[in-house]
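The next block holds one structure in the form of structure tokens; read it before the comments.
The values are calculated or read from the model by the stated rules, or taken from the named source; none is laboratory data. Predicted model, so just to flag it, every value in this text is computed and none were measured. Glycine gets a Cβ as well: all are built from the backbone with ideal geometry, and neighbour counts include every protein chain shown. To get the accessible areas, we keep the full protein, side chains included, count just its heavy atoms, and leave off ligands, DNA and RNA. Shrake-Rupley method; radii C 1.70, N 1.55, O 1.52, S 1.80 Å.
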Amino acid sequence: MLVLLAGIFVVHIATVIMLFVSTIANVWMVSNNGTVSVGLWKNCTTDNGCQGDLSYGGEDALKTVQAFMILSIIFSVISLVVFVFQLFTMEKGNRFFLSGATMLVCWLCILVGASIYTNHYANGSKTGVQESHHGYSFILSWICFCFSLIIGFLYLVLRKK
């Protein structure tokens, strides 16, 4: 049981780190020649570095993606803290309902944020990068989506023995 709890804890920490990286890094879309990358916050080129604001930065869809990705980080960290707190204060035989529910809220935030980005910006028409592919930040956000769902369900069914 201790190995299972340690494994879940390590995957949860990895998910938090990947959420930070995917939200902060400006590599959601990358041009096919590799000279331009677009993120949630800035446009980056190999020649000029990262520029100020995005040309479409005022759009509500992008602001929504930014907000939901930040909320997912917050809920993931809260879930981790609640898990550690419950680990030491909860009686044996109880389930980690609160940490599981908080992690599922994190999962929902990732789902909304990544889905809106996919719908509005993944084809490259609004980002200004027509011939492009998904960057590692975009892929990390979907990996975190899967991990947070798995961790959330594991917390819900996990009993402290």
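Worth a mention:
- Within the stretch 68-82, the set of residues being more than 11 Å from the chain's Cα centre (by Cα) and open to solvent by 50 Å² or more (accessible area, probe 1.4 Å) comprises Val77, Ile78, Val81.
- Pair list, Cβ < 7 Å and 6+ apart or interchain, from the stretch 57-73 residues that are under 11 Å from Tyr117 (Cα atoms) to residues that are open to solvent by 50 Å² or more (accessible area, probe 1.4 Å): Ala61/His120
- When the criteria are applied in full, Leu4 fails the requirement of being among the hydrophobic types (A, V, I, L, M, F, W, C) and either closer than 19 Å to Tyr136 by Cβ or in contact with a helix residue (DSSP H, G or I) (Cβ under 8 Å, 6 or more places away or on another chain) (or both).
- Taking the criterion of being open to solvent by less than 60 Å² (accessible area, probe 1.4 Å) and either more than 22 Å from Val77 (Cβ to Cβ) or touching a strand residue (DSSP E or B) at 6+ places or on another chain (Cβ under 9 Å) (or both), the residues of the stretch 138-161 that qualify are Phe138, Tyr155, Leu156, Leu158, Lys160.
- Flag for Thr89 being open to solvent by 60 Å² or more (accessible area, probe 1.4 Å), polar (S, T, N, Q) and at pLDDT 85 or above: yes
- Positions within the stretch 12-30 being under 20 Å from Gly49 (Cβ atoms) and open to solvent by 10 Å² or more (accessible area, probe 1.4 Å), in sequence order: Val21, Ile24, Ala25, Asn26, Val27, Val30
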